[in-house]
Structures are given as structure tokens and as C-alpha cells.
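Structure first, then comments.
The values are calculated or read from the model by the stated rules, or taken from the named source; none is laboratory data. What you see is a predicted model; the values in this text were computed from it and never measured. Please note: Cβ atoms are built from the backbone with ideal geometry, for glycine as well, and neighbour counts cover all protein chains shown. Side chains are part of the model used for accessible areas, which takes the heavy atoms of the whole protein and leaves out ligands, DNA and RNA. Shrake-Rupley method; radii C 1.70, N 1.55, O 1.52, S 1.80 Å.
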Amino acid sequence: MKYLFMISILIFAVGCSARPEVQVTLVDTRTALENQVLGSYKELNKEFVMIASVRSVDEKGMAEDRLKGMSASHREAMKAMQAREFNRDDVDDFKKSRCVGENNQGLLEILPCEKSKVDSKYDALLKDVTKEENESRMVIMKRVIIMNEGLNEQDITKIQKVFARMNQDAARPGELVQKEDGSWDRK
């Protein structure tokens, strides 16, 4: 019993004298601006889904304009969301073929790829869809600015950086993303 008591005191003393190192790892935290932008984007997306999922017909059986009554920028943002949805399969194909990547400004960037070099129709589609996708992204970014007090047109580069991070985070493994220094890497 005496030995048991002495061993437990020894273990306690060793345990108290040993300083375990505590490592604190900070998980990537979003900035207030990122939270603000993400919240506004989610709101736009939710609204788009609601508009797209409901058929509206008037008393004559004619389709109603579900965008009626919205401000011009709001309507344009909904149309941009629709265009992005329409082009999603092509954009995914371009990313998979590594003909486009997510740049560090929140836009798609066309990159040299074999498929585009050998197929002129594919190259034309690549250029057209990428242009439309980037225009849609810019419309949405500008709408996010309008939705948030305290943001204005001069904040567009900040908003683009936030969208770049969102798009790059959403990229699939193997897709190309542009780093801050301008170099490209596979996710």
C-alpha cells in the first residue's frame, strides 16, 4: 500500500512537471467582407431557385414574367444566374479538359489546351461560353455591391478576390486555379 501511494505521488509529480505542448491550429476563418458577400450570394441563389422552380401563369393561361417588379440590377442578376446555370455543363467540361481555370479575380480564364487547338468549333464555344460566364459573374458581383450598404463600385476588386476564393474553394480536384502570385496549380 505504501509503495502504491509513493508510485501515485511520483506519477502525479511527473505529470505536473511535464509541460505538454499545446498547438493551436487556426481554421481558415472568413473575413467580415467574405461573410457579407457569401450571404448576399446565397440570398441571390435562393431567390433564383425559387423563381426557377415556380411556374406562374396569369388568368388567361399565359406565362407571367416572374422578374416583373424587380429593379434593373436585380433582374440582370437573375438573368446572369440563369445564364450560369445554362452554361454549367460546358464550363465543367472546359475545366475538366483544363481549357479554363479559376483565376484570382473571380473569373474564368482560358488556358492553352490541346482540344481547343485541334477543334475550331470547340474553340469558338470555349470563347463564347467563357465570355458569357465572366459577364454573368461580373453582373452578380455588381449586384452584391448594390445589396450591401457600405460597399460601392470602388470595392469591385475586393469583391472579385472574395469570389475568386469562393470559386477556387468550389473547384473540383484536378481543376486549375490561379494563385495570388499569378501562377497556376491543380487543386
- Item | Heavy-atom surface of the stretch 100-177, accessible at 1.4 Å and reported per residue (Å²) | 52 Å²
- Can you pull out the GluC sites (Glu not before Pro) in the stretch 127-179 that DSSP calls coil and that have at most 16 other Cβ atoms within 10 Å? GLU149
- Pull out the extension gain between ASN148 and ASP123, defined as 0.36 nm times the separation in residues minus the alpha carbon to alpha carbon distance; nm, one decimal. 5.2 nm
- Message: Beyond a 24 Å Cα-Cα separation, which of these cross-linked pairs lie in this structure: LYS131/LYS161; LYS96/LYS179; LYS161/LYS187; LYS46/LYS187; LYS95/LYS127?
- Response: LYS46/LYS187
- Mind listing the long-range amide H neighbours of VAL100? Cut-off is under 5 Å, sequence gap 5 or more, other chains count too, H placed in the peptide plane at 1.01 Å from N. LYS95, LEU111
